[in-house]
Every structure is written in structure tokens, then in C-alpha cells.
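Before any comments, here is the structure.
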Amino acid sequence: MLRSLWYALRRGYRACMSRLRQLIYWPRRHLTRPPAPIVDAAGSKAQAHHIRCAEVWGGIRNAELEAVTSGVRASLFSSSCEGGAGGDVYYFSVCGADSLTRVALADVPGHGQTVSQVGEWLYDALAARMNSLRGDRVLAELNALADHHGIATVSTLAVVQFYRRKSQLYVSYAGHPPALVYRQSVGAWRPAEVPDGPGLSNLPIGVSDETHYAQHSMPLASGDRILLYTDGVIEAPDAKQVLFGLPGLIAVAERHRESSLMELRTAILQALHAHTGGALVHDDVTLLAMEVI
């Protein structure tokens, strides 16, 4: 009885604090609502977009675009296996001082209202914590919202941030495949892992309100690169149901380490099509290549 009451009070507190943060940041949120649609992948050319200071930009629609902030340049591809808007959510944000670029990528099962709701939560959480380096707290807030609203679906998320004043990369995951990082000083692509802590750590949102999220950092220099992706990339099957896999993704990235970001993204997509033998209809696919300026 006492335990149930404690959980109910804690959920209520988290919901109230989340709503309070939304009200505090409402003017910024209102002014930075991203345009819709962004870029439709069907028949449209990639569009360069400079993400302004104090802006949150992204969405859930199919997209093929180029973007740049004060710290990174990026090349994005996102496609729903059912067309239009799918289960992958992507957002960029740049802090008020124009020094922190944050990218969030979510993989939400299904389509429709649940995806839109998680996308809205993610937008609000990024706007409310735009000037914070704590990507793990963004994940904790989303997990609390999922618990409060009784969302039955399980969503994976990655929050990747580059703070140009200290040339540091910060990564946090909620059950999401790890970002790949290419550092020129190392000369190879490596997964950017986040160590698990005690208890329930880094689980997808919606699994348990007891989950704790961690953050890992590493130094990056100009020319270093980051690859973010959803499991639709590494779980693409061939005719014999053999998956493309993380080794396949790394192999393509290694062969194109000197290519432009768009060429790298295109090469990975071509390799996926060759592996599956045609259209990518197995799952939603989102791929984001970034480079430190």
C-alpha cells in the first residue's frame, strides 16, 4: 500500500515538474517550432539548413537533408517503411549561447498518434533543457512521461551532443544502438558505448520508471565524425534473413572515411539496398552522419 502510494506521488511530482518546465520555456518553444514538412524524400533535392541559435528543428516525416550548426555539419536520411511519417523521430537543437549542438534520434514502434506524442515530448524536453549538458536527464524526463501517461510501447532513443567550447562529445542512450565515432587520432570507427550503472540502466523508455540513465563523454577534434542510426539499418535482412549488422555498417564507413557526409550516407544506403535486394520495407530506416567543423 505504502509502496503504491509512493509511486503515485512520485509520478505526480514528475508530471507537475515536466508541465512547469514547459510553461517556463513556452515563449522559446512557440518561436522555435520547426517548419512542417521539412523535406519530403520523394522527388525533392537535399536541402541545406542552418540551425539557428535557440532553435529546435526536426520531425517525423521522410527526409533527405543537409544541416549545419556552429559546431557540426550533418547529413540525414529518414524513411518510413510505410511511407510518409513513420516511427523514427529526429531533432536537432542549438543552445542559446550557440555552443552546444544536440541531436536526438528515437525509434518508436508503430505509427500514428503514439509516434506523434513521443515526438512532441522529445521536442519539449529538448527545448526545456536546451542549455544543459545533461542528455541523460532528457531521457529520464521522457521515461517519466511514458510512465505517467501509461504508454505501452517501448521506444529507444539516443541523445548525442557536441560542446564546441570544450570540443567534447556527450552520448546517452535509452536502449538505442550506440553511435559510431571516427576520430582521426585513432584512425578507425568505434562504437561510443555508455557503461551501465547499478540497477536498471539505460533501458528503452516505457520499460520501468526505476531506470537510471548515464552519460559518457570523449574529446573530438575538427574533422572527426559521428554516425547515428536506427536498428532498421543494422537489422536489414537479405534473402536468407542474414542481417546487415554493425560490422557491415562499420565496413562501409571505413571504405568511405574520406568521402563527404552525403557520399558516406549514400554509400551506406546503397549497401543496404544491395544487401536486401531491393526496397527497404523491413523497417523504418534513419541514418545521420555528422562531422565536427
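Values for this structure:
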| quantity | calculated |
| --- | --- |
| Unmet criterion (only one of (1) within 25 Å of Y170 (Cα to Cα); (2) crowded, with 18+ Cβ neighbours inside 10 Å) for M262 | (2) |
| Those strands (runs of 3 or more DSSP E) lying entirely in the range 41-94 with at least 2 residues open to solvent by less than 10 Å² (accessible area, probe 1.4 Å), modelled with pLDDT under 90 and under 18 Å from Q117 (Cα atoms) | 85-94 |
| The listed residue being surrounded by 13 or more Cβ atoms within 10 Å (Cβ to Cβ) and in contact with a Cys (Cβ under 6 Å, 6 or more places away or on another chain), out of D209, D224, D284 | D284 |
| Unique residue being in a helix (DSSP H, G or I) and open to solvent by less than 20 Å² (accessible area, probe 1.4 Å) when the list is A106, A140, A174, A146 | A146 |
| Complete set of residues in the range 117-169 that are of a type in the set (V, I, T) and either modelled with pLDDT under 85 or more than 16 Å from the chain's Cα centre (by Cα) (or both) | V118, I151, T153, V154 |
| Hits in the range 240-293 (condition: under 25 Å from R73 (Cα atoms), in contact with a Gly (Cβ under 8 Å, 6 or more places away or on another chain) and of a type outside the set (G, A, S)) | D284, V285, T286, E291, V292, I293 |
| Failed condition for R190, given (1) within 20 Å of S75 (Cα to Cα); (2) not in a strand (DSSP E or B) | (2) |
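For (1) over 21 Å from S79 (Cβ atoms); (2) free of Cβ contacts under 8 Å to residues at least 12 places away in the same chain, each residue gets a yes or a no:
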site	(1), (2)
A104	no, no
T114	no, no
E120	yes, yes
A127	yes, no
N131	yes, no
R134	yes, no
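The values are calculated or read from the model by the stated rules, or taken from the named source; none is laboratory data. Remember, predicted model here, so these are calculated numbers, not experimental data. Every residue, glycine among them, receives a Cβ derived from its backbone with ideal geometry; neighbour counts consider all protein chains shown. Side chains are part of the model used for accessible areas, which takes the heavy atoms of the whole protein and leaves out ligands, DNA and RNA. Shrake-Rupley method; radii C 1.70, N 1.55, O 1.52, S 1.80 Å.
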